[in-house]
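Here's the structure we're looking at; comments come further down.
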Amino acid sequence: EPQGQQASRRPSLTQGATQSAQTSQGLQEAAWRAAFARLRDHDGEVHRDAVPRALELIGAYHDPEWLDQVFDGLTTFSTLSGQEFLVFMENYMQRMDLALGEAFRKCDHDGSGQVEKLELAGLLSEFH
């Protein structure tokens, strides 16, 4: 087989990264769905009080302020349907990503785009 044809069968770096991101998103959503299934009540919804446990189940950092901001921005009710729960999780993760980015920038004192050992303590203290 000619080398050019063989190389064209391999995914490009961009395709590989896209496939990896899609796989990661799929796994993340599957974890969210599993948490929802485990915590839903007899009406098939998750109560606001169970959301911290859902975050724990998926291994996410729980910040009560973020939870309130995201939950209150989504509904005035005290429960979430399956679709609302997925939207909540997506919005919560976006909020967490923003906070992590802010904390990283605050701790990257030399602006190198990396956090050195001495800067790491400051970053970790942001999320105690």
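Under 7 Å between Cβ atoms, which residue pairs at least 6 apart in sequence (or on different chains) link something in region 95-112 that is aromatic (F, W, Y) with a partner that is modelled with pLDDT under 90 and open to solvent by less than 70 Å² (accessible area, probe 1.4 Å)?
Here the result reads F104/V115; F104/L123, each pair linking region 95-112 to a residue that is modelled with pLDDT under 90 and open to solvent by less than 70 Å² (accessible area, probe 1.4 Å).
Report, by residue number, each residue of region 75-92 that is under 17 Å from the mean Cα position of the chain (by Cα) and either buried (at least 17 other Cβ atoms within 10 Å of the Cβ) or at pLDDT below 95 (or both).
Result: E84, F85, F88, M89, Y92.
Restricting the search to region 74-95, which residues are small (G, A, S) and closer than 15 Å to A31 by Cα?
Scanning region 74-95 gives a single hit, G82.
Can you tell which of D110, D63, D72 is charged (D, E, K, R), loosely packed, with under 15 Cβ neighbours inside 10 Å and at pLDDT 85 or above?
D72
How many of the residues in region 59-73 are under 21 Å from A31 (Cα atoms) and of a type outside the set (F, W, Y)?
Qualifying residue count for the region: 7.
If I filter region 78-94 for residues that are out of contact with any Pro (no Cβ under 6 Å at 6 or more places or on another chain), assigned to a helix (DSSP H, G or I), of a type in the set (D, E) and more than 19 Å from A35 (Cα to Cα), do I get at least one hit?
Looking for residues that are out of contact with any Pro (no Cβ under 6 Å at 6 or more places or on another chain), assigned to a helix (DSSP H, G or I), of a type in the set (D, E) and more than 19 Å from A35 (Cα to Cα), one finds none in region 78-94, hence no.
For region 56-70, which positions are under 15 Å from the mean Cα position of the chain (by Cα), part of a helix (DSSP H, G or I) and in contact (Cβ under 8 Å) with a residue 12 or more places away in the chain?
If the condition is that a residue be under 15 Å from the mean Cα position of the chain (by Cα), part of a helix (DSSP H, G or I) and in contact (Cβ under 8 Å) with a residue 12 or more places away in the chain, then L57, I58, W66, L67, V70 are the ones that fit.
The values are calculated or read from the model by the stated rules, or taken from the named source; none is laboratory data. Values in this document were obtained by computation on a predicted structure and should not be read as measured data. For neighbour counting, all protein chains shown are included, and Cβ atoms are generated from backbone atoms with ideal geometry for every residue, glycine included. We work out accessible area using only protein heavy atoms, side chains counted, and drop any ligands, DNA or RNA first. Shrake-Rupley method; radii C 1.70, N 1.55, O 1.52, S 1.80 Å.
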